[in-house]
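Trainee: One structure, as structure tokens, below. Some questions next.
The values are calculated or read from the model by the stated rules, or taken from the named source; none is laboratory data. Only a predicted model underlies this, so the values are computations on that prediction, with no experimental measurement involved. Cβ sites come from the backbone with ideal geometry, for glycine too, and all protein chains shown count toward neighbours.
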Amino acid sequence: MRFTCETADLNASLSIVSRALAARSPKPILEGILFESCEEGLRLTCTDLAMGIRTVIPASVEEEGRVVLPGRLLCEVARKLPEGRAEFTVNERMQTSIRCASSRTNLAGLDPVEYPELPPVSGHTFSAPQGMLKDMIGRTIFAIALDESRPILTGCLLEIDEGKLRVVALDGFRLAMREEKLDGAPKSLSAVVGGKVLGDIAKILSDGDEPVELCVSASHISLSAGATHIVARLLEGEFIHYRQILPREWQTAVTLSRADLGGAIDRASLIAREGKNNLVRFKIEGDTLEIASNSETGDTQETLSVQTEGKDLSIAFNVRYITDVLKALPDEEVLLRFNSNVSPCVILPTEGEAYLYLVLPVRTFGV
């Protein structure tokens, strides 16, 4: 096998496929990246069996063939190559020579005969703008569970019904949900995709309106965006019936500036993180919201002007959970709804239903 390609194209493609590179796999071949010639030039494939990524780059192929090259080492070598064209020559023993300008590197490749094929996926198909899907993932994935005791919660629920695409994540302490209209969507669809997989997908997607084609089967999801194709195994199990935990009524509603709330929470967090419980306290009285925190090393208190409907209320939260939500909010103003000091706070847009965040309070004495 012999081919040449631009080092810029090579590095861009390696940064994409290496997200599916297996680390210390019992199968050494999964620690490699499959190179194979194709009509478009050169096809690169990487898989850890849970997720597989394939992409195509332009290349001049003089001799067709296939080889598996050591993934992490190749990525490091490619990053340090000078700009220009790199020439790859693979002999019958899979020994690979890489030449670029005055640089020459030899790598020991593997026979690709045992390299696994990416599984075909057939099922519900639909498309969505890449930027929209990337944004939906980025604004919900922080709420997945990190604790493996409930594996299903380490992923996000992708759900379609009534012409809307919904992404939901929850970890038992907070819930994040984004919703967007989707033209040409299936009537109904439900799949749980692992958090790491979705995080990698979001990094590969562009910020624009170019479409990403998705297909969901009973066990896998596939995404095709431009020259890149991704296949991932779905998480097994039933996702929590999240609609049952969403409050249908409220006793107190507060509308205020997201920037003002975020600034006050950031300042309160400096003191809260010094305490044992990392708490921030809200006290709603009339059209004021008092935000306070204290610890053994000090305390802080701040009062914001807000628009309030309903009853006065005092409630406490883990400051990290509130901070994570505020970082994900896109609007200038937000709406907070409460029922009691032991019921979840629901954070919504002032208009529309593009998102919903839910944060459980912390029971404290004196609140």
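Trainee: Mind listing just one residue for me: the one in region 283-298 that is loosely packed, with under 13 Cβ neighbours inside 10 Å and part of a strand (DSSP E or B) and, of those, farthest from the chain's Cα centre (by Cα)?
Mentor: Residue satisfying both the conditions and the ranking: 285.
Trainee: Here is a follow-up. Report, by residue number, each residue of region 182-197 that is under 20 Å from the mean Cα position of the chain (by Cα), not hydrophobic (A, V, I, L, M, F, W, C) and not in a strand (DSSP E or B).
Mentor: Within region 182-197, 195, 196 qualify.
Trainee: Can you name the residue in region 184-213 that is out of contact with any strand residue (DSSP E or B) (no Cβ under 9 Å at 6 or more places or on another chain) and not hydrophobic (A, V, I, L, M, F, W, C) and is also nearest to residue 54 (Cα to Cα) among such residues?
Mentor: 203
Trainee: Spot the failing condition for residue 326; the list is (1) of a type in the set (A, V, I, L, M); (2) out of contact with any helix residue (DSSP H, G or I) (no Cβ under 6 Å at 6 or more places or on another chain); (3) assigned to a helix (DSSP H, G or I), and only one is missed.
Mentor: Failed condition: (2).
Trainee: Here is a follow-up. Return the total of residues in region 300-314 being closer than 25 Å to residue 273 by Cα and surrounded by 14 or more Cβ atoms within 10 Å (Cβ to Cβ).
Mentor: The number of residues fulfilling the criteria is 6.
Trainee: Also, quick follow-up: Considering only residues that are under 13 Å from residue 8 (Cα atoms), touching a residue at least 40 places away in the same chain (Cβ under 8 Å) and not in a strand (DSSP E or B), which ones fall in region 75-109?
Mentor: Selection gives 75, 78, 79, 81, 82, 83, 84.
Trainee: Only one residue in 128, 143 is within 17 Å of residue 245 (Cβ to Cβ) and among the small types (Gly, Ala, Ser). Which one?
Mentor: Sole residue among the options that is within 17 Å of residue 245 (Cβ to Cβ) and among the small types (Gly, Ala, Ser): 143.
Trainee: Can I ask one more? Please state which of the following conditions residue 244 fails to meet, knowing it meets all the rest: (1) modelled with pLDDT of 95 or more; (2) of a type outside the set (Val, Ile, Thr); (3) assigned to a helix (DSSP H, G or I).
Mentor: Of (1) modelled with pLDDT of 95 or more; (2) of a type outside the set (Val, Ile, Thr); (3) assigned to a helix (DSSP H, G or I), only one is false for residue 244: (1).
Trainee: A further question on this structure: Kindly list, by first and then second residue, each pair from a residue in region 323-339 that is outside the structural domain of residue 352 (by TED's automatic domain parsing) to a residue that is surrounded by fewer than 16 Cβ atoms within 10 Å (Cβ to Cβ) and in a helix (DSSP H, G or I), limited to pairs with Cβ atoms under 6 Å and residues at least 6 apart or on different chains.
Mentor: Going by the 6 Å Cβ cut-off, there are no qualifying pairs.
Trainee: If you don't mind, there's one more thing I want to ask. For region 8-50, what are the residues that are buried (at least 21 other Cβ atoms within 10 Å of the Cβ) and of a type in the set (D, E, K, R)?
Mentor: 43, the sole residue that qualifies.
Trainee: Determine whether region 150-163 contains at least one residue that is within 30 Å of residue 7 (Cα to Cα), surrounded by 21 or more Cβ atoms within 10 Å (Cβ to Cβ) and in contact with a strand residue (DSSP E or B) (Cβ under 6 Å, 6 or more places away or on another chain).
Mentor: No, every residue in region 150-163 fails to be within 30 Å of residue 7 (Cα to Cα), surrounded by 21 or more Cβ atoms within 10 Å (Cβ to Cβ) and in contact with a strand residue (DSSP E or B) (Cβ under 6 Å, 6 or more places away or on another chain).
Trainee: Shifting gears a bit: Would you mind stating whether residue 201 is surrounded by fewer than 19 Cβ atoms within 10 Å (Cβ to Cβ) and outside any strand (DSSP E or B)?
Mentor: No.
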